[in-house]
Amino acid sequence: MNPEDTWILVVEDDPVMAQMCERALRSQGYQVHTCPDGVQALERLAAQPYDLVLTDVRLPGMDGMALLEAVRARYPQTTVILMTAYADIEAAVRAVEAGAFDYLPKPFTRDQLRTTVQRALEYRQLLDENREFRRRLEQVYELPYAFADLVGQSPAFRSVIQQALKVAPSAVSVLITGESGTGKERLARAIHRASPRADGPFVVVDCASIPETLLESELFGYEPGAFTGATHRKKGLIETAHGGTLFFDEIGELPPYLQAKLLRVLQERRLRRLGGSEEIPVDFRLIAATHRDLAQMVREGRFREDLWFRIHVVTLHIPPLRERREDILLLAHYFLNELNQRGGRRVEGFTSAALLILQEYAWPGNVRELRNVIEYAHAMGEGPWITPLDLPPELVRATRTTWPEEESMPWPESILLKPFYEARREVLARFERAYFRQLLQRSQGRIGTAAQMADLHRAVLYRFLRKHRLVHRRRKSEEAQDD
């Protein structure tokens, strides 16, 4: 947060202490006001939004604990720090448990005050950033419930979803292509849920995992005595899918002789169990998926051309995660929310450094790998935020190869000699200024257009622009004329 746009309210009835706090914080560039009691503090908060309230526990009239409760109820986005004498430490700890960010035991130094305030404001910024991701997650789609778990905002992914929405109500066969881990089965299930067959079964045939010697009996079922060990009648997966959807995962692994048998079932809508003579009618919708190039396999004679024409009436291609990087952080927050809802440890979100690593990684395992990484970090971490230390070490090492070398870094070498947090703030500030300056140029200064291009809420965008002095504070009537 830019100190010049950060407003702090100091609530302290001791004039000497109040003046010390005010001077120490103003020297850092913060906008600081003081007042002697909780009642006046609430009056100021009603008239002016504050980012942080620094309050003594013992105050005349409304004490610091009552003020904390009121601020938490009325202004939940305002951070509160308590100042307390050593005799009140136990009460201060209870206050932290009730929602205060931290407490400062008196007497404290100016440096201790500045450090605690800085940590509190960094915590607030993390909350704001993760809250913004949650808002975007909630507003990503205006889609039916059937597609609710398909998360992505990139144009390529949204195009796939729109095509799937169109094809779902029909009965045509669908082929879903894409690398392993991109979510082909999840898309197939969404199409099934949005189809007229939603009340019927969704049956999965995993051609890659079922041994070839068992695949035929698994698909077509068998009668007693059909082979050694066949002591009872068993329905096959195709017959089980009657009235619903049959999903062939990795259909490119289907042996040639079974390709011919499947084609016959698709043409005649009948099958015969192994060892049986009865023709059994079957009615199902076929959805197939593969990470292979079936057209090339047809040219090489490894996949039947007539079956190929049958199964790809409509083809949906899910792009790999590395080609839709704008979806990475959104998916990371989605998976984290899922894990939080299961109970156990609750994690507020990700630090900026962790998000940078997730954004830079190549994700050869696509969405499945990302989900596994978030589960690992959720299980292994200990604090309220996921940091780089919580991510798998091999992932962190892999992203380092994409970072610029020191001699080509776009900042002076002197930055590397500064304390880490100070250096990080300066580097991020340089990036933000460059990004938003170019954004305003591309949008010709139109704030609404710039917000859409950056995928930010207008209020968040304004905060960044004011932070870097790229726009002046204006009246609401003027802001409304931007677009």
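The values are calculated or read from the model by the stated rules, or taken from the named source; none is laboratory data. All figures in this text were calculated on a predicted structure; none of them were measured in a lab. Glycine gets a Cβ as well: all are built from the backbone with ideal geometry, and neighbour counts include every protein chain shown.
Odds and ends about this structure:
- Checking each residue in the range 1-29 for being in contact with a strand residue (DSSP E or B) (Cβ under 8 Å, 6 or more places away or on another chain) and part of a loop (DSSP other than H, G, I, E, B) picks out T6, E12, D13, D14.
- For the residues P49, P3, P76, P36, the requirement of being surrounded by 14 or more Cβ atoms within 10 Å (Cβ to Cβ), closer than 25 Å to L461 by Cα and not acidic (D, E) singles out P3.
- Checking V32, V80 one by one, the residue that is within 26 Å of E432 (Cβ to Cβ) and touching a strand residue (DSSP E or B) at 6+ places or on another chain (Cβ under 9 Å) is V32 and no other.
- Within the range 452-463, residues that are free of Cβ contacts under 8 Å to residues at least 40 places away in the same chain and over 13 Å from E129 (Cβ atoms) sit with their Cβ atoms under 9 Å from residues that are of a type in the set (D, E) and assigned to a helix (DSSP H, G or I), at 6+ positions apart or across chains, in these pairs: R458/E479; Y462/E479.
- Residue in the range 291-300 that is surrounded by 15 or more Cβ atoms within 10 Å (Cβ to Cβ) and within 30 Å of A230 (Cα to Cα) present: no
- Hits in the range 192-241 - residues which are in contact (Cβ under 8 Å) with a residue 12 or more places away in the chain and of a type in the set (V, I, T): V203, V204, V205, I238, T240
- Selection status of G99, of a type outside the set (D, E, K, R) and within 27 Å of P384 (Cα to Cα): yes
- Against the numbered list (1) modelled with pLDDT under 95; (2) surrounded by 16 or more Cβ atoms within 10 Å (Cβ to Cβ); (3) over 27 Å from K235 (Cα atoms); (4) of a type outside the set (A, V, I, L, M), S195 comes up short only at (3).
Yes or no, residue by residue, for (1) within 19 Å of S154 (Cα to Cα); (2) in contact with a Leu (Cβ under 9 Å, 6 or more places away or on another chain); (3) crowded, with 16+ Cβ neighbours inside 10 Å; (4) among the small types (G, A, S):
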{"position": "H333", "(1), (2), (3), (4)": "yes, yes, yes, no"}
{"position": "E338", "(1), (2), (3), (4)": "no, no, no, no"}
{"position": "G343", "(1), (2), (3), (4)": "no, no, no, yes"}
{"position": "T351", "(1), (2), (3), (4)": "no, yes, yes, no"}
{"position": "A354", "(1), (2), (3), (4)": "no, yes, yes, yes"}
{"position": "V367", "(1), (2), (3), (4)": "yes, yes, yes, no"}
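- Beta carbons closer than 7 Å, at least 6 apart along the sequence or on distinct chains, never pair a first residue in the range 260-284 that is not assigned by TED's automatic domain parsing to the domain that holds G301 and modelled with pLDDT under 95 with a second that is surrounded by 12 or more Cβ atoms within 10 Å (Cβ to Cβ) and of a type outside the set (K, R).
Results for (1) in contact with a strand residue (DSSP E or B) (Cβ under 9 Å, 6 or more places away or on another chain); (2) part of a loop (DSSP other than H, G, I, E, B), shown as yes or no for each residue.
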position: A260; (1), (2): no, no
position: I287; (1), (2): yes, no
position: F303; (1), (2): no, yes
position: D327; (1), (2): no, no
position: H333; (1), (2): yes, no
position: L336; (1), (2): yes, no
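- R424 of a type in the set (K, R), surrounded by 11 or more Cβ atoms within 10 Å (Cβ to Cβ), at pLDDT below 80 and not in a loop (DSSP other than H, G, I, E, B): yes
- Residue within the range 144-151 that is among the charged types (D, E, K, R) and either modelled with pLDDT of 95 or more or surrounded by 15 or more Cβ atoms within 10 Å (Cβ to Cβ) (or both) present: no
- Selection from the range 164-184 of residues that are assigned to a helix (DSSP H, G or I) and surrounded by fewer than 16 Cβ atoms within 10 Å (Cβ to Cβ): K166
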